[in-house]
Every structure is written in structure tokens, then in C-alpha cells.
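Working notes, structure below.
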Amino acid sequence: MFEELPYYVVGLISFVVLVFASWCVGEGGEVLGKKYDASIIGGLVIAWLNTAPEAIFFITALESSNPRFAVGAVSGSSVVVCTIALGACLYIGTNARKSGSIVLQPQVKRQCMILGMSLSVTLATALFGFQMLCGVAGVLFYIGFIINSLQTRIPDGEKEDDVELGMGEEEDEHEEDVPTYKGVLFLAAGGLLIFGFSKPFISSVVEAASSLKVNPVLLAFFLAPIASEMPEILESVSLSRKGSSQNINIAYSNLVGGTITKTTLLTGILSLYGVSRGFVWESPSFSVSLILLVICASATAGIGYFFPKQRSWHALLLVGLFIVTGIIEYTTNSSFEEHTAEHIQMEQVMT
């Protein structure tokens, strides 16, 4: 329905709709988060909805036999989520609270531990390239993560409010109890809008970058992932700005759960596609991209699991890590792009 419209109009319309969709997901997550475990709602439902744009871009790249864009997308999106999105979540969330810190629930900390463990799949892929074993391991690890998350429940005595956690935050005791079905409707509406409008938004960003003659490496690692992760970033910011411990835990769990999806399932699918389609592992480009993913995801897992409280300086650390990671990624792939162009020209001359 957008074929006749200019790409910048499509981008604007899609952006507005995605903002509204993110608000719907945030409202639905807040409603259900008061009734169920944050790691269930954030780590699975919301994370899957917000990972949908990235998954669409990822599968589209693989189906079009463009593994380089797929690697850049999964790596870039994970780096953005683990640094910029999580940094915004921590910075806004901690500054919205009188204590200046947050405490993650045990189930969310467990997710951070699982994220750290899942990086073995990503690291193995970075070191050994497209391998059937890595692909199967990634898919099986994700299935195990799903089963573990579904079995996780917070006993009534452990679901402490902010006062019991020592935060000293005052919350409205007379807050209206919203029915569960409204939360489900919010999530369903937001999910449908994300699935329907994320692809046009990503396509408009790609066309804009192409019209401006942007380096394709910059497109794969930066522009497309940022565009595809916009709902996830906006939704996490929306939850964190409320300052509620439960909402911040949902936002954190959302980001970690989405990253686990990429470090296991999407990385596994990448290897399976690589083996079945006979894709060539481009080194050092692919290896560096995935290793940078491992570094940023390790920082996210470490901050969540090892620190008893998360503070605003953790957010600044993550933003700094993004800057360093971006420089390394661009430098590595920029020189690789030039080398590839020279290699193609030499082959053309020889033939």
C-alpha cells in the first residue's frame, strides 16, 4: 500500500505507527507484569515482538543470499541493544528513582547468566565459521531457554515491592487493577503493528541510505539495526521512565531476552543457512562482527548478574563501549570492503 509514496513519507508514517505500537507493547507489558514474572513477560513475549523487525531483516538478507548483511544486522542490532538501549534503560530508570539505583529480580539475573552462557554459541561461530554443529546448538540452546523461562515463577513471598527492596519509592496504593485481557489486547495490537510496519520502515531507511550513497557496511551494522530495534528501544525507555522497579525489570528482561534470541536462535539459523546455501565465511569481517557482539553482550550480562545494584554509571560505560565498538567495526569492515573491491577488479581483469 506504500508503493506509490516516496520513501521518506513511508519512513515517517511507519515511524509514527511504530512509536504507537511500542506504547501499546509497553502498556500491555506493564499490565501483565503486575500479574506475572517479569522474566516471562519481558524475556519472551515483549522480546519476541520487538525482535520481529530484526528477524524480518535477517531472514530477508539470508533468503536473498546476502550473508554479509545478515551478519551485520544480527551483530549490529545486538550491539545497539546491549549498549544504547540498555544504557538508556539504566540511565533513565535510575534517575527516575530517589535511590539512584535499581535492583534486578533473581529471575532477571538468571536471564543475564543464561545470556553469558549463550555466548559460547556465538563465539564458536565467530571462530569456526558456518558449522552445522553451531547451528543445531544455537537452536537447541534457545529451546532450552524457552523451557526454563516458562518454568520460572515468582512465589508470592518473593515478589517484593520497592519498599521491601529498600528503595524507599512511594507508589500509588490505590492504583486501578487493570484486567488481564486488556494487557493481552495491548500486546496483540502492538505486535500486529510492529509486524506490519517494521518492514516498510526498514525499507525506507535502506532506500534513503542508498540514495545518499552511504557505505553498505555502515548500513548493515548501524542504520538497519537501529531502525529495526527502534520499537525495542522506545518500549524500554517508556517502561524505564516510570521509575517502577517492576517496569524496569521488565525492560531489562526485554532487552536481555531479545539478545538471547539473537545469540542463539538467529546465530544458529545463520550457520544453518551458511551450510545449506554454501555461503563463504568472510574473514575477518564476520569474525570481528560476532566477537564484538560477544563483548557487548558480556558487558550486559556481567552488569546484570554480578552487580547487586545497577546505577547510572553503568549506562555511561555501555555507551562508551558502543563508541569503541562502532569504531572497530567500521574500521575493520571499511578496509575489508576496499580489499574486496580490489579483488573483484583483479578477477575481472584476469578473465
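Here are the numbers for this structure:
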item	result
Cβ pairs under 8 Å, 6+ apart, first in segment 294-316 and assigned to a loop (DSSP other than H, G, I, E, B), second crowded, with 21+ Cβ neighbours inside 10 Å and not hydrophobic (A, V, I, L, M, F, W, C)	307/314
Failed criterion for residue 23 (all others in (1) at pLDDT below 70; (2) open to solvent by 70 Å² or more (accessible area, probe 1.4 Å) hold)	(1)
Subset of segment 112-128 that is of a type in the set (Ser, Thr, Tyr) and open to solvent by less than 10 Å² (accessible area, probe 1.4 Å) - its residue that is farthest from residue 146 (Cα to Cα)	125
Criterion: under 21 Å from the mean Cα position of the chain (by Cα), of a type in the set (Val, Ile, Thr), at pLDDT 90 or above and closer than 24 Å to residue 124 by Cα - qualifying residue of 288, 319	288
Residue, nearest to the chain's Cα centre (by Cα), within segment 86-104, restricted to residues that are crowded, with 24+ Cβ neighbours inside 10 Å and more than 14 Å from residue 301 (Cα to Cα)	89
Some residue of segment 92-100 being touching a Gly at 6+ places or on another chain (Cβ under 8 Å), part of a loop (DSSP other than H, G, I, E, B), in contact (Cβ under 8 Å) with a residue 40 or more places away in the chain and hydrophobic (A, V, I, L, M, F, W, C)	yes
Close pairs (6 angstrom Cβ cut-off, 6 or more residues apart or separate chains): more than 25 Å from residue 325 (Cβ to Cβ) in segment 271-290, modelled with pLDDT of 90 or more and small (Gly, Ala, Ser) anywhere	272/135
Given (1) exposed (fewer than 14 other Cβ atoms within 10 Å of the Cβ); (2) modelled with pLDDT of 90 or more; (3) hydroxyl-bearing (Ser, Thr, Tyr), index of the condition residue 283 fails	(2)
Answer residue from segment 176-202, given it is among the charged types (D, E, K, R) and part of a loop (DSSP other than H, G, I, E, B) and is most open to solvent (accessible area, probe 1.4 Å) among those	176
All positions within segment 203-245 that are surrounded by fewer than 19 Cβ atoms within 10 Å (Cβ to Cβ) and modelled with pLDDT of 75 or more	207, 211, 237, 241
Residue match in segment 130-142 (condition: at pLDDT below 85 and not basic (Lys, Arg))	no
Residue match in segment 61-69 (condition: open to solvent by less than 10 Å² (accessible area, probe 1.4 Å) and either touching a Pro at 6+ places or on another chain (Cβ under 6 Å) or at pLDDT 80 or above (or both))	yes
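The values are calculated or read from the model by the stated rules, or taken from the named source; none is laboratory data. Model, not experiment: these values are computed from the prediction. When we count neighbours, we look across all protein chains shown, and the Cβ atoms used for this are built from the backbone with ideal geometry, even at glycine. These area figures cover heavy atoms from the full protein model, side chains too; ligands, DNA and RNA do not enter into them. Shrake-Rupley method; radii C 1.70, N 1.55, O 1.52, S 1.80 Å.
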